[in-house]
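What follows is a short report on a single structure.
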Amino acid sequence: MPSEEPLVAAHVLEFPGGYTRTTGPVIGRFLTELRDRRLVGVRTAGGRVLVPPLEYDPDTGEPVTEEYVEVGPAGTVEAWAWVGSPRPGHPLDRPFAWALIRLDGADTALVHAVDAGSRKALRPGLRVRPRWRAATTGHITDIECFLPEVASLVAPVRAEYRVTPGRALTRFLEGVRDGRFVGGRCAECAAVYVPYRVSCPACGSVIEEEVEVADTGTVTTFAINNLPDPRAPEVPFVSAYVLLDGADTPMIALIGGVPAHEVRQGMRVRAVWLPPEERTLSMANVKWFEPTGEPDADLDESAGGAR
Ligand SMILES: [Zn+2]
């Protein structure tokens, strides 16, 4: 069986002083344009565009025309060889690909480095664009390498919307910004609704009286949540209806500062406010409610309260 080991022979071809050769008019034009960050090819008698340009059509041996055609700068990768361990003198010091790139408008491909990040990013047809060096001198290395075009973007999935609060909710949120809960008392029912609202949910009367209620209250019902929520400190977290002292309707809130399994109906809690300088016109000003340590309230009594 033939060995699958590749044959390897080390060669160094070096001209320590560098060597100068004249480019001839065709390559000279290509390099001069390159210095100006333009890519040009030359048209053959048959009409094809050679990039990099050659003096003779490789298909027919005929001299090319004197027509230069601007191509690219973007192009398409046709084939490549991955270089996992770049060597001194390579254009990049991280893994890259030597690729055959056919620039837009060209009929032939040129060889250049593609900085694709990973070999998995390479595929036939990959669209690439040159990255130019800051200073160009009229050499093929004026292009540092080619980079894949941006073909996709990571779009964070996040729905952000703003509720335009009505007058009642605005009043309530202004109160919350100032560290107090504002409710409305219905003159007909003598009930206090929190958050503040302009019409009574029970009798439909217009509510004109604003009242401030306490930031302490009693848990009436609660739920232990095991799905993360951006507003909650951790999982599991507890959301609860808290009947604020002085209110007749409970308000939904987070419960914190206590293990989830210790939360219970009747537990006495107090709002934990953000520092005043961090507050906005939103319910986020209330971090959560935490236990006060008081004895549990009798729910029937508190829920029956003012009614
Ligand atoms: Zn009412």
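Right, Gly179: at positive phi, at pLDDT 90 or above and away from the ligand (no atom under 16 Å from the Cβ) or not?
yes
Where in segment 177-231 are the strands (runs of 3 or more DSSP E), entirely inside, with at least 3 residues that are touching a residue at least 60 places away in the same chain (Cβ under 8 Å) and in contact with a strand residue (DSSP E or B) (Cβ under 7 Å, 6 or more places away or on another chain)?
Per the criteria, 216-225.
If you go through segment 223-246 one residue at a time, do you hit one that is out of contact with any Phe, Trp or Tyr (no Cβ under 8 Å at 6 or more places or on another chain), under 23 Å from Gly266 (Cα atoms) and either within 16 Å of the ligand (Cβ to nearest atom) or hydroxyl-bearing (Ser, Thr, Tyr) (or both)?
no
State whether the residues of segment 248-263 include one that is of a type outside the set (Phe, Trp, Tyr), within 14 Å of the ligand (Cβ to nearest atom) and open to solvent by less than 40 Å² (accessible area, probe 1.4 Å).
Yes, that holds for at least one residue.
May I ask you to list the residues in segment 202-211 that are more than 10 Å from the ligand (Cβ to nearest atom) and either surrounded by fewer than 12 Cβ atoms within 10 Å (Cβ to Cβ) or of a type in the set (Lys, Arg) (or both)?
Of everything in segment 202-211, those that are more than 10 Å from the ligand (Cβ to nearest atom) and either surrounded by fewer than 12 Cβ atoms within 10 Å (Cβ to Cβ) or of a type in the set (Lys, Arg) (or both) turn out to be Glu208, Glu209.
Restricting to segment 222-243, count the residues that are in contact with a Pro (Cβ under 8 Å, 6 or more places away or on another chain) and either surrounded by 15 or more Cβ atoms within 10 Å (Cβ to Cβ) or among the polar types (S, T, N, Q) (or both).
5
Ser199 - would you say it is within 16 Å of the ligand (Cβ to nearest atom) and touching a Cys at 6+ places or on another chain (Cβ under 8 Å)?
no
Let me spell it out: the conditions are (1) under 30 Å from Glu277 (Cβ atoms); (2) open to solvent by 60 Å² or more (accessible area, probe 1.4 Å); (3) modelled with pLDDT under 90; (4) not basic (Lys, Arg), and Ser152 meets all of them except one. Which number is the exception?
(1)
The values are calculated or read from the model by the stated rules, or taken from the named source; none is laboratory data. In this text, all values refer to a predicted model and were calculated from it rather than measured experimentally. Methodologically, a virtual Cβ is constructed for each residue, glycine included, from the backbone with ideal geometry; neighbour enumeration extends over all protein chains shown. SASA here: full protein model, heavy atoms, side chains in, ligands and nucleic acids out. Shrake-Rupley method; radii C 1.70, N 1.55, O 1.52, S 1.80 Å.
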